[in-house]
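Rule-based calculations on the coordinates, nothing more; no lab input. The shown structure was predicted, so the numbers you read here are calculated from the model rather than taken from an experiment. Here the Cβ is made from the backbone with ideal geometry for all residues, glycine too, and neighbour counts use every protein chain on show.
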Amino acid sequence: MCKAEHIKTFLRGIGAIAVSEAKLRFTSDGLKVSAVDPANVAMIHATIDRTAMDVYSAPEEELVVGIDVARLYEMAKGFKDKEPVELIVEDSRIKLKNKNLTYSVALIDPNAIRKEPKLPEMDLPMKVVLGIDSFKQAVQAANKISDHVILRCDGDKFYIEAKGYVDAIKTIFDDTELIEFVKAEAKTMFSIEYLLEFCKAGNKLDIIDIRLGTDYPGFFSFRDSAVELLYVLAPRIENV
């Protein structure tokens, strides 16, 4: 049992990369989903931490069920954010319920769902941690003139910038504006469309932790103490 807002953020985060079906894992640490988008551009590793749940019971062996992400999210939206909600697997169905209301939907055979991706192991030297609102504002500004954005660090400051045919925009962050900053030279271009969807999904979380190299996939972890939406996004390779 946990607050409805945690379940909604978790499911919205998975749906942000157009994943319609996913394997939901009930583990000793909490709920987990790993999935990749149909275009193979982005993947997500989403978790609700066990400590965020007032009551949590999972079998000794990990339970894996298949879920319709969009349908379950629509069900979750029927609850108020702060309401405690139970998530129950029973009789080949998954249920969301509180003392007054119960939604249920049939499970999907997990063997019929696309194989879960493994989190790639990469040595990404640059790390920034900042508030989600600051990151979202910079990406939205870049979206006014381009469909792609460059994230880079020159070893001193962190930049989010975009160029149009006749105009350009740049947001600059230094140590005073960042929660954490591991400085290293890095530069990668990404699709703004994906980053905007990530921001919408993680809108109610606290911070974003970004790891970058140069022309490598980027790691974008939107999180608070209860939920983490970790996205891995492939770079857009062009002359930059």
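Mean residue ellipticity at 222 nm from the helices of the chain, using -39,500 (n - 2.57) per DSSP H segment of n ≥ 4 over the full residue count, to the nearest 500 deg cm²/dmol? Show your work: numbers first, answer last.
On the way: 4 runs with 42 residues, N = 240.
It comes out at -5000 deg cm²/dmol, rounded to the nearest 500.
Among Arg12, Arg114, what is the fewest-to-most ranking by other Cβ atoms within 10 Å? Before the final figure, lay out each step's value.
Values: Arg12 21, Arg114 12.
The most exposed by this proxy come first: Arg114, Arg12.
How would you rank Ser225, Ser146, Ser104, going from fewest to most other Cβ atoms within 10 Å of each one's own Cβ?
Working: Ser225 10, Ser146 18, Ser104 14.
The most exposed by this proxy come first: Ser225, Ser104, Ser146.
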Here the relative contact order (percent) of the chain, from C-alpha pairs under 8 Å and at least 6 apart, is 21 percent
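Enumerate by residue number the GluC sites (Glu not before Pro) in segment 6-97 meeting two conditions: DSSP loop (anything except H, G, I, E, B), and at most 13 other Cβ atoms within 10 Å of the site's Cβ.
Numbers: sites: Glu21, Glu60, Glu61, Glu62, Glu74, Glu86, Glu90; in loops: Glu60, Glu61, Glu62.
Within segment 6-97, the qualifying GluC sites (Glu not before Pro) (loop, at most 13 other Cβ atoms within 10 Å) are Glu60, Glu61, Glu62.
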The alpha-carbon center of segment 71-110 and that of segment 1-58 are separated, in whole Å, by 14 Å
dims of the chain, Cα set, principal axes, largest to smallest, nearest Å -> 58, 35, 33
For segment 149-208, listing GluC sites (Glu not before Pro) in a DSSP loop whose Cβ sees at most 13 other Cβ atoms within 10 Å gives none
Residue separation between Asp29 and Val55 times 0.36 nm, minus their alpha-carbon distance, gives in nm 8.1 nm
If the chain between Glu238 and Asp123 were fully extended at 0.36 nm per residue, the gain over the current Cα-Cα distance would be 39.2 nm
Among Lys77/Lys118; Lys8/Lys163; Lys77/Lys127; Lys77/Lys204; Lys3/Lys95; Lys82/Lys118, the pairs whose Cα-Cα distance exceeds 26 Å are Lys77/Lys118; Lys8/Lys163; Lys77/Lys127; Lys82/Lys118
